[in-house]
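Structure first, then comments.
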Amino acid sequence: MKDEAELCRDWVEIHEESGGDVMVFRPSSDILPPSRRVRRRLELASSGAATGKAAGPNDAPVAESAGSWSREGRTLHVALPGWSGDYDISELTDDRLVLKKR
């Protein structure tokens, strides 16, 4: 499993690759294809702070909720409205994060 620092970034949920209880994320710095659905964003800071973001005016991301996160092995614990729960980290690479809701 990659270092915890790999998790600390602004992630964008990719609906086209997600399904059921599996969520696929790409870094917000990636060039993403257009989507008909608004893409949710989850920012995980090294301080343990978590921020849920939504599209605001002109599709610019705006903070929607604030909370915290922690990691225990392959489990990501998120305490954030709209995201709260435990997730199995199925994949973590430089350009992809795959979480499975427990």
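The values are calculated or read from the model by the stated rules, or taken from the named source; none is laboratory data. Bear in mind that the values here come from a model prediction, so they are computed numbers and not experimental data. Here the Cβ positions follow ideal geometry from the backbone for every residue, glycine too, while neighbour counts run over all protein chains shown.
In table form, for the structure just shown:
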| item | result |
| --- | --- |
| Subset tally (residues that are closer than 23 Å to residue 5 by Cβ and in a loop (DSSP other than H, G, I, E, B)) for the stretch 32-56 | 6 |
| Test: residue in the stretch 22-31 that is within 15 Å of residue 95 (Cβ to Cβ), among the polar types (S, T, N, Q), modelled with pLDDT under 95 and surrounded by 12 or more Cβ atoms within 10 Å (Cβ to Cβ) | yes |
| Those residues of the stretch 1-21 which are among the hydrophobic types (A, V, I, L, M, F, W, C), in contact with a Ser or Thr (Cβ under 8 Å, 6 or more places away or on another chain) and either outside any loop (DSSP other than H, G, I, E, B) or exposed (fewer than 14 other Cβ atoms within 10 Å of the Cβ) (or both), in sequence order | 5, 11, 12 |
| Residue check for residue 80: touching a residue at least 40 places away in the same chain (Cβ under 8 Å) and either over 13 Å from residue 10 (Cβ atoms) or of a type outside the set (Lys, Arg) (or both) | no |
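Yes/no per residue for (1) over 16 Å from residue 43 (Cβ atoms); (2) outside any loop (DSSP other than H, G, I, E, B):
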| site | (1), (2) |
| --- | --- |
| 65 | no, yes |
| 70 | no, yes |
| 76 | no, yes |
| 83 | no, no |
| 86 | yes, yes |
| 89 | yes, yes |
| 97 | no, yes |
| 100 | yes, yes |
